[in-house]
Structure formats: C-alpha cells, structure tokens
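Student: Handing you this structure, nothing more for now.
The values are calculated or read from the model by the stated rules, or taken from the named source; none is laboratory data. From a predicted model like this one, the values you see are computed outputs, not experimental measurements. FYI the Cβ positions are ideal-geometry reconstructions off the backbone, even for glycines, and counts take in every protein chain you see. These area figures cover heavy atoms from the full protein model, side chains too; ligands, DNA and RNA do not enter into them. Shrake-Rupley method; radii C 1.70, N 1.55, O 1.52, S 1.80 Å.
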Amino acid sequence: MENNWHKIWEKKGSVAKTGQPSLADLIGYDGFDSKIGRITEAEWRKYVSQTIAKLRISKNDKILEIGCGAGAFLLPLYEQGYNVAGLDYSQSLLDAAKKVLVGANLVCGQANNLPFKNGEFDVVISNSIFHYLPSIDYAAKVLNEMFRVLNQSGRAAVLDINDQAKQDFAEDLRRKEIGNKEYEEKYKGLGQLYYPKSFFENFAEEHDIKFVIEPQVIDGYQNSLWRYNFYFYKSSL
C-alpha cells in the first residue's frame, strides 16, 4: 500500500506549477481536491488557526509537521512568522513546498524514523496522513517518534483520522459518490487504514500523558463525517 500511495503523491507533486503556487494549489496537491474531500482556502485557514489555539502554539515554538506534503498546512503558520519544519516521503511534493516555505527545514524521509534529535520540537503535527500509512504497526512507530522528538513541555496533534467504527459508512458513501466501478478502479491497490479510538487512548495511557480526542469539524468537508482528531501533551497545559 505504501509504495502505491507514494506513486500517487509523486505524480501530484510533478504537476505542480513552475511558478509560486497559491495556498489553494497546495491544498489540491496535498489531496484535498476530490468531491467529498475538498476544502476551501477560507476553511483551511480556519482549520490551521483552530489547531494553533488548541495546541497553544506561540511564535517561540519550534514546529514540525510529519507528512507535510506540498506545505499547505504549514503555509499559514509560515506566513504568520512561526518557526516551521516539515518531513515527507515525496520529493516532488517537497519541491513544491520549498517554493513557498523559503528557508524552512524540509526533509525527505520516513515518518517511522525521524531524522531529528530527541526533544527537538515544541509542537509536532501530522495532518491527514495516518490513513495512508502501510500498517498499524508502522503507525505505532510514528506515534512513538512524535513523542521522542517532542521536548518535555511538547504538544502534538494527529489530525483527520479514519474512525474504524464508521468504516462501512465511509466506504459506502465514497462508492455512491463516484460509482462502484470507478471506485474499484480508483482505489485498486490503494487501501486506507481505519483506527479504533482505543489505539490512541492506549498510546496515551502507555506514556502516562494527557490527551483529547475530538470529532473532525470542517465545513463542506464530507470526510469529517468519519474522521476525528487526537491531541496529546507531554505535560499539562
């Protein structure tokens, strides 16, 4: 599954504009361009602002996004003067990100083996990538890596997670939207992971940390109907 999705993202990055892309362009490159997965620029900026508030991010914080893609989530932060870094396994998407996130530390690599020091970041974010990971075991390693690179007062968010309890509903809706035949062709070899909330609850309990799980809420974004967000904190805020 991982290699098949990797090809999709490399292709998306390869068609990026030669000039400086807009935020709307980056949102599309990062996969939010389907009928049920589209997010407007206004809603996107609201979404990023809500995450800033939820994690109490300050201008002094060092922020890492895992699976940053073309940089759509980081761009509003970057524009406001936040200190951002990103990692993705698609070089073509990172090339698009570098056009707008000038000077940011953008690294090509794997999420389960982050090339960063212990405690290097104040905030770590992973937006809408956990359903593309190759396995639950891999996802567990990513969570542990997020925890490792956070400092002692660090905060983290795993956003836009497929809810296992709503898997049948989600897949039925996708089929109805594009048709069963087209669905089979489009997603052949491109499975998605769905997570029970207990997966994240158990991680938090194992590390003895505070956490919050909330429904995903983005106006006009139909994927919100079966997605949720997980926030965790190395120390109480």
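Student: Got at least one residue in segment 55-72 being among the basic types (K, R) and surrounded by 16 or more Cβ atoms within 10 Å (Cβ to Cβ)? Step through it out loud before you land on a result.
Tutor: Taking segment 55-72 as the starting set, the residues that turn out to be among the basic types (K, R) are 56, 59, 62.
Within this subset, residues satisfying the condition of being surrounded by 16 or more Cβ atoms within 10 Å (Cβ to Cβ) are 62.
Yes: segment 55-72 contains one or more residues that are among the basic types (K, R) and surrounded by 16 or more Cβ atoms within 10 Å (Cβ to Cβ).
Student: For segment 212-221, does any single residue satisfy the condition of being modelled with pLDDT under 95 and in a helix (DSSP H, G or I)?
Tutor: no
Student: For segment 26-38, enumerate the residues that are assigned to a loop (DSSP other than H, G, I, E, B) and open to solvent by less than 10 Å² (accessible area, probe 1.4 Å).
Tutor: Passing the criteria: only G37.
Student: Go through segment 193-212 and give me each residue that's over 9 Å from F232 (Cα atoms) and of a type in the set (F, W, Y). I'd like the intermediate steps shown before the answer.
Tutor: Going residue by residue through segment 193-212, those that are over 9 Å from F232 (Cα atoms) are 193-203, 205-208.
If the condition is that a residue be over 9 Å from F232 (Cα atoms) and of a type in the set (F, W, Y), then Y194, Y195, F199, F200, F203 are the ones that fit.
Student: Determine, yes or no, whether R56 is closer than 26 Å to V149 by Cα and of a type outside the set (A, V, I, L, M). It would help to see each step written out before you state the result.
Tutor: Working: closer than 26 Å to V149 by Cα: yes; of a type outside the set (A, V, I, L, M): yes.
Yes: the conditions hold for R56.
Student: Does segment 179-197 contain at least one residue that is out of contact with any Asp or Glu (no Cβ under 6 Å at 6 or more places or on another chain), open to solvent by less than 40 Å² (accessible area, probe 1.4 Å) and either in a helix (DSSP H, G or I) or free of Cβ contacts under 8 Å to residues at least 24 places away in the same chain (or both)?
Tutor: yes
Student: Inside segment 198-235, can you point out the residues that are open to solvent by 40 Å² or more (accessible area, probe 1.4 Å), closer than 18 Å to L173 by Cα and touching a residue at least 60 places away in the same chain (Cβ under 8 Å)?
Tutor: Scanning segment 198-235 gives D219, G220, Q222.
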